[in-house]
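Remarks on the structure that follows.
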Amino acid sequence: MPETPVLVVGYRQGATGKAALRYARWLADALGGHVHVVHVTELDDFPVDPDQLDWELEAERRLSTVRAEVETLLGDDDASSWSYEVAHGDPGDALADVARSRRAAMVVVAAHVDGRLGRLHRLVARSIARELFDRAACPVLVVPCEETR
């Protein structure tokens, strides 16, 4: 019997993360697969002042909020159909590493948001999708963000 296909999905809060997550869940349901959600930490996940007394508690609270959002979007009707992890470092490297270690059938990420902010972001930031095209050992699916439709 073939292995259950694993779809690794890169998740961040907001419309892009929701678009990638919804599509990955739909595809996994169609294939009888497993969704493995990966949130790669970013600056917004941590308090600004590392010297504040409750810095670690606040960071944990923020990361818990991200996971709670994923749980809300995926539901808890079949907890075995998805899993979650927090990764650190460069998003392209982290997602490629997780996909390799999980023997993923595919990595799912969302495209950047269009509009002024999207164009500005593309000028100053690297494209995670482009990094994955070079680094991932499996196919990469780039889902359009719902805000751009």
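Name all residues of segment 82-113 having a backbone nitrogen under 16 Å from the label point set 7 Å from the Cα of ALA137 along its Cα→Cβ direction, giving them as ranges. Label zone hits: 93-107.
Based on the Cβ-Cβ distance of ALA59 and ARG100, what FRET efficiency does E = 1/(1 + (r/R0)^6) give at R0 = 25 Å, to the nearest 0.05?
Calculated value: 0.35.
For SER127 and HIS88, a Förster radius of 25 Å and the Cβ-Cβ distance give a FRET efficiency of 0.80, rounded to the nearest 0.05.
Full extension of the chain segment joining GLU3 with LEU73 gains 22.7 nm, where the gain is 0.36 nm per residue of separation less the Cα-Cα distance.
Computed from the coordinates by the stated procedures, all read-outs in this text should not be read as laboratory data. Bear in mind the structure is a predicted one, so any value in this text is a computation, not a measurement. Here the Cβ is made from the backbone with ideal geometry for all residues, glycine too, and neighbour counts use every protein chain on show.
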